[in-house]
Amino acid sequence: MRANPASSATLCLLTLALVSGGTHAAAPLWQRDLKCTSEKSERARVICRAMEKEMQWAGTGHAMPGLPSFQVTFNTVARVFCRLPIRPEDTPTLVEMGLWHRYAATDSSLRAAQRSRGTTFLLALLGDAGHAHYPTMDTLQKPQAWMTDREIESLRREITDMTDHPASLFSPRSPEYLLKGGCQSVP
């Protein structure tokens, strides 16, 4: 089977781009770097660093395979949840982290998406235990100008949908529940 001249040219251009500076743009993909120093509170930095440490090497994409990179996975959040541990009192911190990286962060990179994904998954693992601790604009210490109760409520509904569905990895009713068997069963 002979190589297609167009595919050979594409491969050469891709190699040249990576060698000539493309690696700088893709560097966050190949490092466990979530820029945790940008988090606003010490607890947020601790949670972020724990996610960094537990990131796993995985392929990106769903239907089409993409570049492999370090990612916040389901196993990542299960380990962080159990090893820190994450407590219901962490809910306001997780809400603020998740909403910041979703709506207001100027870093629109894969890194910000991974932080937002991780905090959303940690909130889902807290499930009902975290609901009583969701902040409001009145209870946040330093609310951001862009943040409203609407964004907080939207995130709460998203988490409720994730934990209420019996087939969700975050639902204790699911046979595939991430914490089935408790934290001692988390690899």
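The values are calculated or read from the model by the stated rules, or taken from the named source; none is laboratory data. Keep in mind the model is a prediction, meaning the values are calculated, not measured. With ideal geometry, Cβ positions are generated from the backbone for all residues, glycine too; neighbour counts draw on all protein chains shown. Surface accessibility is based on the protein's heavy atoms, side chains included, excluding ligands, DNA and RNA. Shrake-Rupley method; radii C 1.70, N 1.55, O 1.52, S 1.80 Å.
Here are Thr106, Thr139: which of them is open to solvent by 50 Å² or more (accessible area, probe 1.4 Å), closer than 16 Å to Val95 by Cβ and modelled with pLDDT under 80?
Values: Thr106 fails: closer than 16 Å to Val95 by Cβ.
After ruling out the rest, the residue left standing is Thr139.
In the stretch 146-187, how many residues are exposed (fewer than 15 other Cβ atoms within 10 Å of the Cβ), part of a loop (DSSP other than H, G, I, E, B) and either of a type in the set (Lys, Arg) or under 17 Å from the mean Cα position of the chain (by Cα) (or both)?
Result for the stretch 146-187: 2.
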